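The values are calculated or read from the model by the stated rules, or taken from the named source; none is laboratory data. It should be emphasised that the depicted structure is a prediction, and the values quoted were computed from it without experimental measurement. Using ideal geometry, Cβ is built from the backbone for each residue, glycine included, and neighbour counts are taken over all protein chains shown. Please note that ligands, DNA and RNA were not included when accessible areas were found on the heavy atoms of the full protein model with its side chains. Shrake-Rupley method; radii C 1.70, N 1.55, O 1.52, S 1.80 Å.
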Amino acid sequence: DAEILDDAPGALWTRSAIDRDRRKESDVPRLTRIVVAVDPAAKTNVVAEDGAATGIVVAGMGDDGRGYVLDDLTCRTSPDGWARRALSGMDRYGADCIVVETNNGGEMVAAAIKAVRPTAPIREVTASRGKWTRAEPIAALYEQGRISHVGSLPDLEDEMVLFGPNGMVGWSS
């Protein structure tokens, strides 16, 4: 929408830290592990004003010990829609598994994926702390220059630089 989004005061990430370690696809070493991470929305939200999207990110670990964020497949669709999108990302990148957060929806998250592909490798995780607390160690890895975005991931990066201690600055979730 031609908006210029600045880093939010107190946000965990800055554009300068993300840009500093950005890599071209041709500069990414062999990846020893790739996962698709899914953080489902509690309901289908077609437009941003309706609430949260289902976060889907593809990431890998390079044989150089660095983390690489390969793609942002976040979407606003039904459980069948995001399950298919996550599986498509797994196929495209040759991911080892899909990591699903079960706090929102519990068994439904894995069940949505298994309904599309019963043999999909899934690892379920339960978040025991708030988003800010869980994000702090990841933000520290960015500050240490140990995580790189591969190419441009504008929607993900806009959210990252607006993520403050009280949630997304200027967004409703």
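Scanning the stretch 78-98 turns up at least one residue that is open to solvent by 70 Å² or more (accessible area, probe 1.4 Å), touching a helix residue (DSSP H, G or I) at 6+ places or on another chain (Cβ under 6 Å) and either closer than 26 Å to Asp27 by Cβ or without any contact (Cβ under 8 Å) to a residue 60 or more places away in the chain (or both). For Val109, the conditions (1) open to solvent by less than 50 Å² (accessible area, probe 1.4 Å); (2) over 28 Å from Thr32 (Cβ atoms); (3) over 13 Å from the mean Cα position of the chain (by Cα) all hold with the exception of (2). Entry remark, the stretch 121-144: residues being among the aliphatic types (A, V, I, L, M) and either within 10 Å of Glu101 (Cβ to Cβ) or not in a helix (DSSP H, G or I) (or both) number 3 in total. Show the residue pairs that are 6+ apart or on different chains and have beta-carbon atoms under 9 Å apart, the first residue being within the stretch 22-40 and touching a residue at least 12 places away in the same chain (Cβ under 8 Å) and basic (Lys, Arg), the second being part of a loop (DSSP other than H, G, I, E, B) and open to solvent by 40 Å² or more (accessible area, probe 1.4 Å). Pairs that qualify, where the first residue is touching a residue at least 12 places away in the same chain (Cβ under 8 Å) and basic (Lys, Arg) and the partner is part of a loop (DSSP other than H, G, I, E, B) and open to solvent by 40 Å² or more (accessible area, probe 1.4 Å), are Arg22/Ser152; Arg30/Asp63; Arg30/Asp64; Arg33/Asp96.
Can you name the number of the only condition in (1) at pLDDT 90 or above; (2) within 23 Å of Thr126 (Cα to Cα); (3) in a loop (DSSP other than H, G, I, E, B) that Asp64 fails? Every condition holds for Asp64 apart from (2).
Taken over the stretch 10-36, the residue count meeting the criterion of being open to solvent by 40 Å² or more (accessible area, probe 1.4 Å) and modelled with pLDDT of 95 or more is 12.
For beta carbons closer than 6 Å, sequence separation of 6+ or different chains, a first residue in the stretch 132-150 that is in contact (Cβ under 8 Å) with a residue 12 or more places away in the chain and closer than 16 Å to Pro29 by Cα and a second that is of a type in the set (Asp, Glu) and open to solvent by 30 Å² or more (accessible area, probe 1.4 Å), the qualifying pairs are Val150/Glu25. Which of the residues that make up the stretch 10-39 are within 17 Å of the chain's Cα centre (by Cα), among the aliphatic types (A, V, I, L, M) and under 20 Å from Pro121 (Cβ atoms)? Answer for the stretch 10-39, where residues must be within 17 Å of the chain's Cα centre (by Cα), among the aliphatic types (A, V, I, L, M) and under 20 Å from Pro121 (Cβ atoms): Ile34, Val35, Val36, Ala37, Val38.
If you go through the stretch 123-164 and keep only what is within 20 Å of Pro40 (Cβ to Cβ) and in contact with a Lys or Arg (Cβ under 7 Å, 6 or more places away or on another chain), you end up with just Ala127.
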